[in-house]
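The values are calculated or read from the model by the stated rules, or taken from the named source; none is laboratory data. All of these numbers come straight from a predicted model, not from anything done at the bench. Cβ placement follows ideal geometry from the backbone for every residue including glycine, while neighbour counts extend to all protein chains displayed. With ligands, DNA and RNA removed, areas are computed over all heavy atoms of the protein, side chains included. Shrake-Rupley method; radii C 1.70, N 1.55, O 1.52, S 1.80 Å.
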Amino acid sequence: MALEWVVLGYAAGAEAIMLLLLTMPGLGRLRKGLIAVTRNALKPMLSVVPFCLFLLLDIYWKYETRPTCEGHACSPSEHLRHQKSIMKSQRNAVLIASALLLYWLLFSITGQLVKIERMNEQIKKLKDERLDSLRDPKSRPNSKGN
């Protein structure tokens, strides 16, 4: 059972690194490549969502079926094991929440960066058309009415 938590931890780490690289200022030339890599990685990384839901159900099932240890009915070792189990469940729930949050942030930020890139291309295209029309007066319509 520990392997699935390791896999989820690595997935969350990869998402965090991609987010860090995408939002880091000063990477002008690399940004297009990073956006392309991230866009291509988003679909396979979508498998994190059902995986997290499965693990969340696993935590819930363990919570519902665990033996209760209240009062003096438990030995100190059983009480300690019970507390460790609760702490592990809480830690794993935080890992699930962070993996889902990081995926959502990565998806939305990548979408915004793609929109910004498209707008920059449109602005550049419009500027080039404007400069071409100013340089070549024959292509402009004559407003004097000759």
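In region 1-33, how many are under 15 Å from L105 (Cβ atoms) and either in contact with an Asp or Glu (Cβ under 6 Å, 6 or more places away or on another chain) or in a helix (DSSP H, G or I) (or both)?
Within region 1-33, residues that are under 15 Å from L105 (Cβ atoms) and either in contact with an Asp or Glu (Cβ under 6 Å, 6 or more places away or on another chain) or in a helix (DSSP H, G or I) (or both) number 13.
I need every pair where a residue in region 75-94 that is more than 18 Å from W61 (Cβ to Cβ) has its Cβ under 8 Å from the Cβ of a residue that is surrounded by 14 or more Cβ atoms within 10 Å (Cβ to Cβ), sequence separation at least 6 or different chains.
E78/C69; H79/C69
Considering only region 38-65, state which residues are in a helix (DSSP H, G or I) and either loosely packed, with under 10 Cβ neighbours inside 10 Å or out of contact with any helix residue (DSSP H, G or I) (no Cβ under 8 Å at 6 or more places or on another chain) (or both).
Selection gives N40, K43, P44, P50, L53, F54, L57, D58, Y60, W61, E64, T65.
So S89 fits all but one of (1) open to solvent by 100 Å² or more (accessible area, probe 1.4 Å); (2) farther than 18 Å from I17 by Cα; (3) in a helix (DSSP H, G or I); what number is the exception?
The failed condition is (1).
Residues in region 94-110 that are among the aliphatic types (A, V, I, L, M) and in contact with a Leu (Cβ under 7 Å, 6 or more places away or on another chain): how many? Spell out the reasoning first.
Initial filter on region 94-110 (among the aliphatic types (A, V, I, L, M)): 94-97, 99-102, 105-106, 109.
After this cut, where a residue has to be in contact with a Leu (Cβ under 7 Å, 6 or more places away or on another chain) as well, the list is 95-96, 99, 102, 105-106, 109.
Total satisfying the criteria: 7.
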